[in-house]
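To keep things clear, I will list the structure first and then write my remarks on it.
The values are calculated or read from the model by the stated rules, or taken from the named source; none is laboratory data. Small disclaimer: the values here were computed from a predicted structure and weren't measured. All Cβ positions, even for glycine, are placed from backbone atoms using ideal geometry, and neighbour counts span all protein chains on display.
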Amino acid sequence: RIVYVHGQFVPEEEARIGLFDRGFLFGDAVYEVTAVIAGRMIDNDLHLARLERSLKELGIPLALARPDIVAVQTELIARNALQDGTVYLQVSRGEADRDFFYPATLAPRLVGFTQAKTLTGTKAQQNGIAVDLAADPRWQRRDIKTAMLLGQVMAKQAARARGFDDVWLVEDGLVTEGASSTAHVITADGSILTRAASQATLPGCTQRALARLCAAEGLHIEERAFTPAEAQDAAEAFQTSASSLVTPVVRIGDRVIGDGRPGPRTRALQALYLEAAGVSV
Ligand code: PLP
């Protein structure tokens, strides 16, 4: 695989990150994952807008304009002949002797790589997945997409050990989001619910794109938080992310959702999203 490290495309074996990189020592870095389907990036403008926002929130002054970043992504896709998968970007604040305080002069570091992976027509998308419910262990600024992901790693690993495919996180009696996805439920009267943007969750690009598609179809996504009990009583449930697209959820904790198969409204949303992404369904 050819990867990108600080301005150069190199074979992954030759890639070197400094020991004093703050991304490594403090998790002082932000990242983005863009889906690639048939060689084309999906919703990439939304991902790069969110990257810019994350950088701004942390005061990391990346001196690369959006077209320069797109050029890196495009080159990674081309050099790796990537058809289906993801392109990952990470910007760390830079390298400096270890200290919580950082000098104003640090040069941010951009790295990137691709991962080949089938994104469409997966078993999870066809049959749906089971998600556990667990207390949200993360910090208070989940709107920033930082590389500090230990809460998600622990929550997902614990869910898998309990026999689930993934986990939805809960705080103050409300579902925040999936450990690496946006959580949605569809009520018996057909309302599609997802939590409104705040510092409690990462604003999902896939959710944003889906909401736009829904609006164009005259379908409304109601932005409000829901409880774990509401989720378990829902007619249908699904989660969205760049790498999982629209994935039906057919079990939440110990409760089967609907008849245990992906519901018709979720199927329709899946088809709507895939069609916009240029996938024939
Ligand atoms: N929420 C969290 C915590 C995530 O990690 C992700 C994606 O990885 C999402 C939501 C979904 O965001 P997107 O649709 O932009 O991939």
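Quick one: how many residues across the stretch 156-203 are under 14 Å from Leu133 (Cα atoms), of a type in the set (A, V, I, L, M, F, W, C) and near the ligand (Cβ under 10 Å from one of its atoms)?
Total satisfying the criteria: 3.
Tell me, which residue of the stretch 137-147 that is more than 10 Å from the ligand (Cβ to nearest atom) and over 14 Å from the mean Cα position of the chain (by Cα) is nearest to Gln90 (Cα to Cα)?
Arg141
Within the stretch 60-81, how many residues are under 14 Å from His6 (Cβ atoms), in contact (Cβ under 8 Å) with a residue 12 or more places away in the chain and surrounded by fewer than 16 Cβ atoms within 10 Å (Cβ to Cβ)?
2
Among the residues of the stretch 1-42, what is the count of those that are touching a Phe, Trp or Tyr at 6+ places or on another chain (Cβ under 9 Å), of a type in the set (D, E, K, R) and under 27 Å from Leu274 (Cα atoms)?
Qualifying residue count for the region: 1.
Give the residues of the stretch 122-146 that are farther than 20 Å from Ala231 by Cα and surrounded by fewer than 18 Cβ atoms within 10 Å (Cβ to Cβ), sorted by residue number. Please lay out each step first, then the result.
Keep residues of the stretch 122-146 that are farther than 20 Å from Ala231 by Cα, which gives 122-123, 126, 138-146.
Correct list: Thr122, Lys123, Gln126, Trp139, Gln140, Arg141, Asp143, Ile144.
Run Ala229 past the list (1) over 23 Å from the mean Cα position of the chain (by Cα); (2) within 13 Å of the ligand (Cβ to nearest atom) and report the number of the one that doesn't hold.
(2)
Let me confirm something: among Glu52, Glu57, Glu13, which residue is assigned by TED's automatic domain parsing to the domain that holds Leu89 and either farther than 30 Å from Phe100 by Cα or of a type in the set (Ser, Thr, Tyr) (or both)?
Glu13 is the lone residue from the list that is assigned by TED's automatic domain parsing to the domain that holds Leu89 and either farther than 30 Å from Phe100 by Cα or of a type in the set (Ser, Thr, Tyr) (or both).
Rundown of residues vs (1) in a loop (DSSP other than H, G, I, E, B); (2) buried (at least 17 other Cβ atoms within 10 Å of the Cβ), yes/no style:
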| site | (1), (2) |
| --- | --- |
| Ser243 | yes, yes |
| Pro248 | no, yes |
| Arg251 | no, yes |
| Gly260 | yes, no |
| Ala268 | no, no |
| Tyr273 | no, yes |
| Gly278 | yes, no |
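Going through the stretch 102-119 one residue at a time, which ones are out of contact with any helix residue (DSSP H, G or I) (no Cβ under 9 Å at 6 or more places or on another chain), farther than 18 Å from Ala81 by Cα and touching a residue at least 12 places away in the same chain (Cβ under 8 Å)?
Ala107
With Glu95, Glu75 as the choices, which residue is charged (D, E, K, R) and out of contact with any helix residue (DSSP H, G or I) (no Cβ under 8 Å at 6 or more places or on another chain)?
Exactly one residue qualifies, and that residue is Glu75.
Testing Glu57 on (1) surrounded by fewer than 20 Cβ atoms within 10 Å (Cβ to Cβ); (2) away from the ligand (no atom under 16 Å from the Cβ), one condition comes back false. Which one is that?
In the conditions (1) surrounded by fewer than 20 Cβ atoms within 10 Å (Cβ to Cβ); (2) away from the ligand (no atom under 16 Å from the Cβ), Glu57 misses (2) alone.
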